């Protein structure tokens with residue numbers, strides 16, 4: 001039986017450069033995390049990418065995944081945050 | 001999928017405006033630990049706290065990481081200890097009874113340390129109508145108990161809308177505050193930062209020093225206190241020309257979001273600990289960090305320094321808008337729920353006090369439209385017991401007549417006079433000694449007795 005989705009919002013912010021989308025996507029794929037949706041934009045001169053991912057089949061718990069993504073972000077020169085989607089659902093939707 | 005604006009707004013609230021959950025407080029019923037054998041009672045109290053709260057810090061840590069929202073404090077509130085003390089001091093001489101009470105405080109301190117929390121509340125008594133033997137013993141023990149422990153907080157409820165004001169208790173607490181300051185004089189009287197007198201003390205207050213697990217509560221509960229002055233300040237700063245009607249709307253929206261974060265975190269921590277989720281306290285709670293200040297919000301509204309004319313109206317608008325927005329966002333509002341105006345814990349308040357804009361009298365007026373009362377205020381070390389008692393009575397009167405939960409947390413800093421700087425450290429912050437009226441209230445407080453409950457209590 002497929003596992004219940006565990007959806008997490010990954011936010012990437014920083015100076016735009018080659019390889020950010022590829023780098024973060026590759027790290028997610030390596031850990032068994034599926035990208036459900038993706039959007040990117042430029043705001044106040046910064047590159048911003050927002051990914052909705054499913055971590056139900058992740059090889060690592062969310063806390064470890066957050067560390068891996070943070071390190072990858074450092075290597076790419078961007079800030080990466082990963083938060084369970086419920087925080088956005090709770091705060092912004094009635 | 002969430003919009004970029006929603007995600008970025010959340011990021012900015014957390015990273016730039018200090019959005020966090022101020023406290024997740026686990027309430028623990030200790031009534032079943034009462035025992036006439038003090039040794040057995042201490043064992044039961046320790047074991048119950050450690051077994052119930054052993055995973056609090058770990059589980060709360062996982063939840064904060066999951067949602068990316070920091071939980072500043074994980075704390076514990078227990079049944080008022082005077083209720084347990086009764087059975088352990090029956091037939092025991094006064095001095096030994098006080099010593100037993102202090103032993104319980106030390107057990108609470110050790111349990112708090114062992115479960116890695118910074119404060120445990122509930123070393124207190126409810127004496128709004130009068131004293132039992134346990135109450136008087138506990139109150140007498142407070143100065144030594146707070147001096148010999150690090151993490152224990154004490155709350156004594158001395159007034160209520162239905163009970164009136166126990167003036168004898170106010171006078172007694174004036175003396176307890178003085179003695180506590182003297183016993184901790186090597187640390188600027190820090191013991192008093194862990195001691196509060198209350199009117200209408202809520203049984204589910206998650207904030208220290210007033211937190212305790214009331215006798216009307218269930219076995220265990222998780223109660224949450226939100227934060228967010230930085231978020232509101234940011235909104236007011238971005239709207240310099242907005243009129244009050246529109247400004248109130250903006251604050252309501254932000255308060256909704258802040259409170260939802262608290263609701264989510266509280267529910268999740270309660271679920272992970274398998275305890276009941278209690279309430280969200282809608283109080284905006286400042287910290288000494290730059291920008292995380294209630295005073296700064298008032299100043300952003302257009303008052304030069306907090307305390308200048310207009311401050312009370314500004315605070316009324318703020319508190320009301322936060323309640324309106326917040327009450328929609330949680331399944332159960334509780335605790336104190338009003339903006340906090342502690343002086344030393346709010347860098348903007350300290351600055352306003354230094355400028356002479358903020359006085360004790362103005363704070364008293366401001367507290368009639370928010371919560372917390374006179375909180376974390378350093379006063380001259382030579383302030384008399386009677387004057388402290390009279391200040392307490394004034395705040396209790398505002399609480400009783402207006403059906404409000406108000407507290408008094410004064411620190412008569414030994415050896416310091418008006419205008420001197422005081423450093424408490426950490427969350428307690430640093431402040432300046434504020435002036436106290438030089439006129440006497442001795443004959444007033446020495447009348448003693450009880451101020452009857454007001455007409456406002458006759459609601460049936």
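Each reported figure results from applying straightforward, stated rules to the coordinates on display, with no laboratory input. Everything quoted here is computed from the prediction, not taken from an experiment. Every residue, glycine as well, gets a Cβ built from its backbone with ideal geometry; the counts of neighbours run over all protein chains shown.
Take the alpha carbon gyration tensor of the stretch B:1-77, find the square roots of its eigenvalues, order them as a ≥ b ≥ c, and report rounded if a/c is under 1.5; if not, report prolate when a/b exceeds b/c, else oblate.
Prolate, because a/c is 1.5 or more and a/b exceeds b/c.
For residue B:440 and residue B:354, a Förster radius of 41 Å and the Cβ-Cβ distance give a FRET efficiency of 0.90, rounded to the nearest 0.05.
So what is the relative contact order of the stretch B:326-460, in percent, for Cα pairs below 8 Å that sit 6 or more residues apart?
Contact order relative to length: 27 percent.
Classify the stretch A:21-94 as rounded, prolate or oblate from the Cα gyration tensor: take a ≥ b ≥ c as the square roots of its eigenvalues, call it rounded if a/c is under 1.5, otherwise prolate when a/b beats b/c and oblate if not. It comes out oblate by the Cα gyration axes. With contributions of -39500 (n - 2.57) from each DSSP H run of at least four residues, the per-residue ellipticity at 222 nm computed over the protein assembly as shown stands at -13500 deg cm²/dmol. Restricted to Cα atoms, the stretch B:79-149 shows a radius of gyration and a Dmax of 11.9, 36 angstrom. Rounded to the nearest Å, what's the spacing between the alpha carbon centres of the stretch A:20-94 and the stretch B:255-290? Just the number, please. Taking the Cα centre of each part, the stretch A:20-94 and the stretch B:255-290 sit 25 Å apart.
Axis of helix A:20-30 versus longest Cα principal axis of chain A: the two differ by about 30°, to the nearest ten degrees. The distance from the alpha carbon centre of the stretch B:67-112 to that of the stretch B:136-162 is 10 Å, rounded to a whole number. Put the Cα centre of the stretch B:383-453 next to the Cα centre of the stretch B:338-381 and the gap is 11 Å.
How much of the DSSP beta bridge set in the protein assembly as shown is antiparallel, as a percent to the nearest 5? The antiparallel fraction comes to roughly 55 percent.
Counting beta carbons within 10 Å around each of A:55, B:367, A:41 and listing the fewest first gives the order A:41, A:55, B:367. Ordering B:192, B:197 from the fewest to the most neighbouring beta carbons within 10 Å gives B:192, B:197.
Rounded if a/c is under 1.5, else prolate if a/b is larger than b/c, else oblate: which is the stretch B:281-449, with a ≥ b ≥ c the root eigenvalues of its Cα gyration tensor? Here the stretch B:281-449 falls in the oblate category.
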